[in-house]
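See below for the structure under consideration.
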Amino acid sequence: MVKPASLAEHLECHQVSRRGFLKFCALTTSMMALSPSMMPAVARALEKARRPSVIWLSFQECTGCTESLTRSHSPTIENLILNYLSLDYHHTLQAASGDAAERAREAAMSENYGQYILAVDGSIPVKDGGVYSTIAGVSNLEMLQHTVAGAAAVVAIGSCAAFGGLPHAHPNPTGAVPVQELVHDKPVVNVSGCPPIPVVISGVLAHYLTFGRIPDLDSYGRPLSFFGASIHDRCYRRPYYNKGLFAETFDDEGAKNGWCLFKLGCKGPTTYNACATAKWNQGTSFPIQSGHGCIGCSEPHFWDAGGFYQPLSAGIGSVGTLAGMAVVAGAAAGTAAGRLHQAKRKQAQRQHEKVTVADLEETDS
Amino acid sequence: MTSVELLIWVRGPGLQLSLAAFILGMTYRILQTYFLGRAKNLAEPRGSEWVHGIKTIWWRSFFHPGMTVRGYFTIISGYMFHLGFIVTLLFFDQHIELFKSWTGLSWPALPPIVITVTAVLGIAALVAVLVDRFADPVRYLLSDYQDYLCWTLTVLPLVTGLLLAYKIWLPYTSLLTVHIISFELLLVAIPFTKLSHVFTIFIARWYNGAIAGYRGVQS
Ligand code: SF4
Ligand code: SF4
């Protein structure tokens with residue numbers, strides 16, 4: 001099949017009308033969280049845009065991120081973007097396997113050297129020379145280093161690729177690291193989330209497609225347009241939080257009334273992601289709307305940030321043992337200091353010499 | 001260290017270590033005071049030490065006319081600060097969650113708006129006593145660095161908590177981190193500064209009451 005060179009042609013070949021194309025542009029504009037007034041500019045850019053090659057590498061991951069992207073029903077913006085992009089290598093989605101698959105990657109790399117987008121999901125184990133995860137006998141580390149050399153930009157998809165995720169959680173037996181720790185000479189966009197919201201993945205790709213560069217990022221390398229506000233700031237349960245109305249269990253009156261889930265461990269206040277606005281399953285709902293607190297999956301180290309059902313204001317870990325040790329140590333030190341004081345006092349009493357009248361007279365003279 | 005890593009540290013090891021320092025310090029201070037001992041009273045007891053001691057702990061918390069001899073300022077600001085601080089600390093939902101995670105105990109909370117008022121009153125009282133300390137030459141001369149340190153460590157959790165509740169100035173993650181750190185500093189400082197009166201005041205009150213009880217007079 002001859003792949004169309006531009007989005008306009010691609011849509012034409014799928015018998016999408018001009019009206020449909022403009023609708024797509026409007027959706028893309030909103031997906032990139034741009035103002036609607038940008039729509040004509042987006043349409044012009046997309047008409048001319050070339051079809052970028054995408055190489056997708058999966059390392060230490062659970063395939064949840066790919067599932068997230070593909071579990072959308074057609075026709076969706078995700079599908080259009082996916083069709084529009086030339087996804088030249090993806091373990092799970094490609095038909096080829098074994099040597100043929102690896103050859104497809106090499107071919108895509110050499111055809112589009114310096115131009116392709118490298119999408120990565122999963123973290124990279126670096127301990128013991130990276131032996132803990134290999135593909136076709138090549139370690140993830142080596143494959144990343146080899147493939148990134150010809151990439152124009154890298155998109156780290158999912159919390160594992162962005163921040164290390166589950167494999168990186170304590171005690172991190174494989175020495176898993178995120179992409180940004182290994183790639184320093186190419187722009188890296190972190191699309192975090194476990195998994196990330198499909199529209200955010202496609203939004204970032206659409207941004208690159210439209211403007212030929214990566215979007216503005218926050219201090220963790222995440223696109224600001226999607227990760228600029230916290231879940232808490234956009235949460236529809238926020239008025240209950242402000243009034244101090246909380247669900248205490250998952251089936252009490254508070255839960256039935258849709259009150260705030262803070263006490264059930266919601267990490268919305270410290271989590272930056274677009275769930276509360278973009279939502280999941282074609283905009284149907286998001287965890288908090290379904291009655292479960294946010295677990296903070298788009299933040300670094302979220303697996304090590306305490307229990308999912310432990311409120312944010314409670315500490316991480318138990319204090320019992322340390323508190324017990326503190327009592328024992330404090331009691332020992334207090335008793336020792338007290339006894340020392342008593343001994344000193346007794347000694348002072350023993351050494352106390354009484355002054356007689358005769359002594360005083362002696363001093364006077 | 002990123003802001004997320006710092007928050008994880010202050011919520012985890014930071015909180016555990018500061019609580020341990022507080023418990024260790026307080027146990028030390030209480031036992032040390034206990035072992036100071038009391039001189040043997042050879043007089044015949046005319047009443048119960050314990051009953052009077054406990055009663056005094058309770059009654060001295062309340063206002064009585066003799067307290068106003070030196071004017072109302074200290075009394076009003078003292079009550080305002082202590083009530084403001086204690087209510088804010090003990091009756092805010094999110095604080096109760098922390099105490100629950102430590103002790104398994106919980107109790108009803110006051111609405112956040114009430115807590116805002118108590119926190120503001122607490123801060124206002126602290127500012128007023130600081131101004132008074134500077135304005136009154138005797139008090140000013142009697143003050144040393146520890147008074148200002150204690151004042152700062154006490155006001156910080158209130159101010160940072162208020163900023164956090166209304167998300168003023170910094171992102172929530174940073175404000176939460178700063179607020180928890182301010183609480184941890186206070187915890188560590190309590191046993192080793194004048195702030196240890198949070199416990200020792202009860203010993204002192206009991207002692208006063210007990211002496212009076214032994215003699216069969218009112219404390
Ligand atoms: S980020 Fe989460 S969903 Fe994505 S691959 Fe890692 S564990 Fe799976
Ligand atoms: S449910 Fe979570 S995100 Fe929503 S208001 Fe409560 S704490 Fe914030």
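Tell me, please, whether a residue that is more than 24 Å from the chain's Cα centre (by Cα) and either away from every other protein chain (no Cβ under 14 Å) or polar (S, T, N, Q) (or both) can be found in the range B:70-83. No, the range B:70-83 contains no residue that is more than 24 Å from the chain's Cα centre (by Cα) and either away from every other protein chain (no Cβ under 14 Å) or polar (S, T, N, Q) (or both).
A:Arg350: within 30 Å of B:Ile23 (Cα to Cα) and open to solvent by 40 Å² or more (accessible area, probe 1.4 Å), yes or no?
On the way: within 30 Å of B:Ile23 (Cα to Cα): no; open to solvent by 40 Å² or more (accessible area, probe 1.4 Å): yes.
Answer is no for this residue.
Given the criteria within 16 Å of ligand 1 (Cβ to nearest atom) and not assigned by TED's automatic domain parsing to the domain that holds A:Ala26, does A:Asn281 qualify? Yes; evaluated as a whole, the condition is true for this residue.
Could you count how many residues in the range A:54-89 are modelled with pLDDT under 85 and of a type in the set (S, T, N, Q)? Residues flagged as modelled with pLDDT under 85 and of a type in the set (S, T, N, Q) within the range A:54-89 amount to 8.
Among the residues of the range A:153-171, which ones are open to solvent by 20 Å² or more (accessible area, probe 1.4 Å) and free of Cβ contacts under 8 Å to residues at least 40 places away in the same chain? Don't jump to the end; show me each part of the working.
First, pick out the residues of the range A:153-171 that are open to solvent by 20 Å² or more (accessible area, probe 1.4 Å): A:160, A:166-168, A:170-171.
Once the filter is applied, which keeps residues that are open to solvent by 20 Å² or more (accessible area, probe 1.4 Å) and free of Cβ contacts under 8 Å to residues at least 40 places away in the same chain, the range A:153-171 yields only A:Pro171.
Scanning the range B:14-46 for residues that are small (Gly, Ala, Ser) and touching a residue at least 60 places away in the same chain (Cβ under 8 Å) returns B:Gly14, B:Ser18, B:Ala21, B:Gly25, B:Ala43.
Report, by residue number, each residue of the range A:24-38 that is assigned to a helix (DSSP H, G or I) and open to solvent by 50 Å² or more (accessible area, probe 1.4 Å). Break it down stepwise before answering.
Here is the first cut: in the range A:24-38, the ones assigned to a helix (DSSP H, G or I) are A:24-31, A:36-38.
Result: A:Leu27, A:Ser30, A:Pro36, A:Ser37, A:Met38.
If the condition is being within 15 Å of ligand 1 (Cβ to nearest atom) and within 14 Å of chain B (Cβ to nearest Cβ), then the range A:173-205 contributes A:Pro178, A:Gln180, A:Asn190, A:Ser192.
So which of A:Leu166, A:Leu144 is within 16 Å of ligand 1 (Cβ to nearest atom), more than 30 Å from A:Lys279 (Cβ to Cβ) and assigned to a helix (DSSP H, G or I)?
Going through A:Leu166, A:Leu144 in turn, the sole match is A:Leu144.
Yes or no: A:Ile201 modelled with pLDDT under 95 and touching a Phe, Trp or Tyr at 6+ places or on another chain (Cβ under 7 Å)? No, not satisfied.
Looking across the range A:236-264, the residues that are more than 10 Å from chain B (Cβ to nearest Cβ) and open to solvent by less than 20 Å² (accessible area, probe 1.4 Å) come down to A:Arg237, A:Ala247, A:Gly254, A:Gly258, A:Leu261, A:Leu264.
Of all residues in the range B:175-219, those being within 23 Å of B:Leu149 (Cα to Cα), touching a residue at least 12 places away in the same chain (Cβ under 8 Å), of a type outside the set (A, V, I, L, M, F, W, C) and part of a helix (DSSP H, G or I) number 8.
Residues in the range A:226-235 that are within 16 Å of ligand 1 (Cβ to nearest atom) and either open to solvent by 90 Å² or more (accessible area, probe 1.4 Å) or more than 13 Å from chain B (Cβ to nearest Cβ) (or both): A:Phe226 only.
Quick grid of which residues meet (1) under 20 Å from B:Leu98 (Cβ atoms); (2) touching a Pro at 6+ places or on another chain (Cβ under 8 Å); (3) outside the structural domain of A:Ala176 (by TED's automatic domain parsing):
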| position | (1), (2), (3) |
| --- | --- |
| A:Pro287 | no, no, yes |
| A:Cys294 | yes, yes, yes |
| A:Leu312 | yes, yes, yes |
| A:Val319 | yes, no, yes |
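When the range B:4-35 is limited to residues that are facing another protein chain (nearest Cβ under 8 Å) and more than 24 Å from A:Met325 (Cα to Cα), the one that is surrounded by the most Cβ atoms within 10 Å (Cβ to Cβ) turns out to be B:Leu7. Is it true that A:Gly268 is in contact with a helix residue (DSSP H, G or I) (Cβ under 8 Å, 6 or more places away or on another chain), under 18 Å from B:Val4 (Cα atoms), at pLDDT below 95 and away from ligand 1 (no atom under 16 Å from the Cβ)? Here the answer is no, as A:Gly268 does not meet what is asked.
Can you name the residue in the range A:206-222 that is under 18 Å from B:Thr2 (Cα atoms) and away from ligand 1 (no atom under 16 Å from the Cβ) and is also least open to solvent (accessible area, probe 1.4 Å) among such residues?
Step one: filter the range A:206-222 for residues under 18 Å from B:Thr2 (Cα atoms), giving A:217-222.
Checking which are away from ligand 1 (no atom under 16 Å from the Cβ) leaves us with A:217-219.
Values: A:Leu217: 58, A:Asp218: 31, A:Ser219: 110 Å².
Filtering the range A:206-222 for residues that are under 18 Å from B:Thr2 (Cα atoms) and away from ligand 1 (no atom under 16 Å from the Cβ), the one least open to solvent (accessible area, probe 1.4 Å) comes out as A:Asp218.
Scanning the range B:123-143 turns up one or more residues that are open to solvent by less than 20 Å² (accessible area, probe 1.4 Å) and in a helix (DSSP H, G or I). The residue pairs whose first member lies in the range A:265-291 and is under 16 Å from A:Tyr240 (Cβ atoms) and away from chain B (no Cβ under 14 Å), whose second member is within 10 Å of ligand 2 (Cβ to nearest atom) and acidic (Asp, Glu), and whose beta carbons are closer than 7 Å, counting only pairs six or more residues apart or on different chains, do not exist in this structure. Within the range A:85-106, how many residues turn out to be farther than 15 Å from A:Ile135 by Cα and surrounded by 16 or more Cβ atoms within 10 Å (Cβ to Cβ)? Residues flagged as farther than 15 Å from A:Ile135 by Cα and surrounded by 16 or more Cβ atoms within 10 Å (Cβ to Cβ) within the range A:85-106 amount to 4.
The values are calculated or read from the model by the stated rules, or taken from the named source; none is laboratory data. Bear in mind that the values here come from a model prediction, so they are computed numbers and not experimental data. Using ideal geometry, Cβ is built from the backbone for each residue, glycine included, and neighbour counts are taken over all protein chains shown. Protein only, heavy atoms only, side chains kept; ligands, DNA and RNA dropped before computing areas. Shrake-Rupley method; radii C 1.70, N 1.55, O 1.52, S 1.80 Å.
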